[in-house]
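Visitor: Input: one structure, supplied below.
The values are calculated or read from the model by the stated rules, or taken from the named source; none is laboratory data. All of these numbers come straight from a predicted model, not from anything done at the bench. Cβ: placed from backbone, ideal geometry, glycine included. Neighbour counts: every protein chain shown. Heads up: the accessible areas ignore ligands, DNA and RNA and are worked out on the full protein's heavy atoms, side chains in. Shrake-Rupley method; radii C 1.70, N 1.55, O 1.52, S 1.80 Å.
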Amino acid sequence: GQIDRSPSRQSLSILATEMAGYALFRIEITKSYGMAEWRDDLKKVLIEAGSGDRPLVFLFSDTQIAKEGFVEDINNMLNAGEVPNIFASDEKVAICEKVGPFAKEQFGRAAGDMTPLQLYAYFIQRVKQYLHIILAFSPIGSAFRDRLRLFPSLVNCCAIDWFTAWPGDALLAVAEKFLKEVKLDDEVRPAIVDMCMTFHTNAHALAAEFLTEQGRITYVTPTSYLELIVAFKLALAEQREKITAGKDRYQNGLKQLAGAEENVATMQVELTDLQPVLAEAQVATDALMEEIEAKLPGVREQEEVVGAEAAVAQKEADAVQIEVDAVQADLDEALPALESAV
């Protein structure tokens, strides 16, 4: 077993596994992943390591601990090479059949006389020999300390790999790598890379000072450095997007102003071209007004004559209406007499 305590622990473990030519097994945690699925995966690990043709690396992270029973099983595997009673009887029979060729290769004819119990013990021996468990656990928080107290094999049966802080040149190289795809001016890029390193080293110094003065540990890890670079890239992209949006808005406004200015200039040209036509229309209007004013006295005289004739006609009409009314009155008196005579 092996415990890594670096943010790069998983990537380094995978790299070492590939370089050694070992097989790699990792579990996939889902919402429904429980002890049954965990035991099925452990069976695959044990069978592959004990009856496979090459060593196997089981990489397990503390972020995958859905139940503390997972750690208890890991503790048993580290201590004894197996999980007690994990295999049913029929599964043990199948395991003995799989491990038989390897026993024959190692023990020769004597393998034929081996009992199932001996074959299973040989299987466990191969598991201990070919299974490498790598635990990617973080020391931050109380969970790691509690698990070490509860499951001593995490310490007694593991080799702990300690990784020191990244040196300055490594910090610079990482910053250059992650900022490579970011569009920056050539004279600005080195300063930003150097500033990333400065922030991280200053944070380290402040964490040490905080530990000295307050007695509390503040972890400044390479993961913090990567998060710093990612945060810078996100903030830079956000600000660039905001500035670009503002720039586009101003440019659109300028285009609209330029278009309005062009329209005004066109309208001014059209008005200038219409000036002669307007002048001619004004002259014609003035001439028409003069003609109307010249005819106006005659029209007024004719209006007075018509008005006098209308007055005379109205007077005659009034006289006729009086006579009509009188005749109607006489008729109204005569009709009753006529009707009685008839």
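Visitor: Could you list, in sequence order, all residues of the stretch 204-220 that are in a helix (DSSP H, G or I) and either of a type in the set (A, V, I, L, M) or touching a Pro at 6+ places or on another chain (Cβ under 7 Å) (or both)?
Guide: Quick first cut of the stretch 204-220, residues in a helix (DSSP H, G or I) only: 204-214.
Scanning the stretch 204-220 gives 205, 206, 207, 208, 211.
Visitor: If you don't mind, there's one more thing I want to ask. Closer than 30 Å to residue 217 by Cα and free of Cβ contacts under 8 Å to residues at least 60 places away in the same chain: which single residue out of 153, 142, 138, 89 fits that description?
Guide: Every option except 142 fails the conditions.
Visitor: Would you confirm whether any residue within the stretch 159-167 is open to solvent by 50 Å² or more (accessible area, probe 1.4 Å) and in contact with a Phe, Trp or Tyr (Cβ under 6 Å, 6 or more places away or on another chain)? Give the steps one after another, and end with the answer.
Guide: First, the residues of the stretch 159-167 that are open to solvent by 50 Å² or more (accessible area, probe 1.4 Å): 159-160, 162-167.
In the following step, the residues that additionally are in contact with a Phe, Trp or Tyr (Cβ under 6 Å, 6 or more places away or on another chain) were identified as none.
Within the stretch 159-167, not a single residue is open to solvent by 50 Å² or more (accessible area, probe 1.4 Å) and in contact with a Phe, Trp or Tyr (Cβ under 6 Å, 6 or more places away or on another chain).
Visitor: Mind checking which pairs have a first residue in the stretch 31-54 that is under 17 Å from residue 94 (Cβ atoms) and a second that is open to solvent by less than 80 Å² (accessible area, probe 1.4 Å) and assigned to a helix (DSSP H, G or I), Cβ under 6 Å, 6 or more apart or different chains?
Guide: If the second residue must be open to solvent by less than 80 Å² (accessible area, probe 1.4 Å) and assigned to a helix (DSSP H, G or I), the pairs left are 46/127; 49/127; 49/130; 50/123; 50/126; 50/127; 51/99.
Residue by residue, here is whether (1) closer than 30 Å to residue 12 by Cα; (2) open to solvent by 60 Å² or more (accessible area, probe 1.4 Å); (3) at pLDDT below 90 holds:
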site	(1), (2), (3)
99	no, no, no
107	no, yes, yes
119	no, no, no
123	yes, no, no
137	yes, no, yes
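Visitor: Same structure, new question: Going through 51, 32, 11 one at a time, which residue ends up being among the small types (Gly, Ala, Ser), open to solvent by less than 30 Å² (accessible area, probe 1.4 Å) and out of contact with any Ser or Thr (no Cβ under 9 Å at 6 or more places or on another chain)?
Guide: 51
Visitor: Where residues in the stretch 139-151 are at pLDDT 90 or above and of a type in the set (Lys, Arg), which of them is farthest from residue 99 (Cα to Cα)?
Guide: 149
Visitor: Could you tell me whether any residue of the stretch 264-275 is within 48 Å of the chain's Cα centre (by Cα) and hydroxyl-bearing (Ser, Thr, Tyr)?
Guide: no
Visitor: Do the conditions hold for residue 223, that is, is it surrounded by 10 or more Cβ atoms within 10 Å (Cβ to Cβ) and assigned to a loop (DSSP other than H, G, I, E, B)?
Guide: So residue 223 does not fit the description; no.
Visitor: I would also like to ask the following. With the requirement that a residue be open to solvent by 100 Å² or more (accessible area, probe 1.4 Å) and aliphatic (A, V, I, L, M), what does the stretch 140-158 give you?
Guide: Let us first name the residues in the stretch 140-158 that are open to solvent by 100 Å² or more (accessible area, probe 1.4 Å), namely 145, 149-150, 156.
Residue satisfying the conditions is 150 alone.
Visitor: Of all the helices (runs of 4 or more DSSP H) wholly in the stretch 115-163, which have at least 3 residues that are touching an Asp or Glu at 6+ places or on another chain (Cβ under 8 Å), on the phi > 0 side of the Ramachandran plot and of a type in the set (S, T, N, Q)?
Guide: Correct list: empty, since no element meets the threshold.
Visitor: While we're on this one: Please enumerate the residues belonging to the stretch 92-105 that are without any contact (Cβ under 8 Å) to a residue 12 or more places away in the chain and of a type outside the set (D, E, K, R). Even if it seems obvious, please write down each step before you answer.
Guide: The initial filter retains those residues of the stretch 92-105 that are without any contact (Cβ under 8 Å) to a residue 12 or more places away in the chain, namely 94, 97, 101, 104-105.
94, 101 - these are the residues of the stretch 92-105 that are without any contact (Cβ under 8 Å) to a residue 12 or more places away in the chain and of a type outside the set (D, E, K, R).
Visitor: Another one. Is it true that some residue in the stretch 109-119 is in contact (Cβ under 8 Å) with a residue 12 or more places away in the chain and under 45 Å from the mean Cα position of the chain (by Cα)?
Guide: Scanning the stretch 109-119 turns up no residue that is in contact (Cβ under 8 Å) with a residue 12 or more places away in the chain and under 45 Å from the mean Cα position of the chain (by Cα).
Visitor: For the stretch 206-219, which positions are surrounded by 11 or more Cβ atoms within 10 Å (Cβ to Cβ) and free of Cβ contacts under 8 Å to residues at least 24 places away in the same chain?
Guide: Result: 206, 207, 208, 209, 210, 211, 217, 218.
Visitor: In addition: Need the failing condition index for residue 302 against (1) open to solvent by 70 Å² or more (accessible area, probe 1.4 Å); (2) modelled with pLDDT of 85 or more, just the number.
Guide: Among (1) open to solvent by 70 Å² or more (accessible area, probe 1.4 Å); (2) modelled with pLDDT of 85 or more, the lone unmet condition for residue 302 is (2).
Visitor: Regarding the stretch 226-234, can at least one residue be identified that is at pLDDT below 90, open to solvent by less than 70 Å² (accessible area, probe 1.4 Å) and either under 32 Å from the mean Cα position of the chain (by Cα) or among the aromatic types (Phe, Trp, Tyr) (or both)?
Guide: yes
Visitor: In the stretch 191-200, is there at least one residue being open to solvent by 90 Å² or more (accessible area, probe 1.4 Å), free of Cβ contacts under 8 Å to residues at least 40 places away in the same chain and over 36 Å from the mean Cα position of the chain (by Cα)?
Guide: No.
Visitor: Still on this structure, I have one more. Can you find even one residue in the stretch 254-272 that is at positive phi and either open to solvent by less than 100 Å² (accessible area, probe 1.4 Å) or in contact (Cβ under 8 Å) with a residue 24 or more places away in the chain (or both)? Let's see the steps before the verdict.
Guide: Residues of the stretch 254-272 that are at positive phi, as a first pass: none.
Scanning the stretch 254-272, I find no residue that is at positive phi and either open to solvent by less than 100 Å² (accessible area, probe 1.4 Å) or in contact (Cβ under 8 Å) with a residue 24 or more places away in the chain (or both), so the answer is no.
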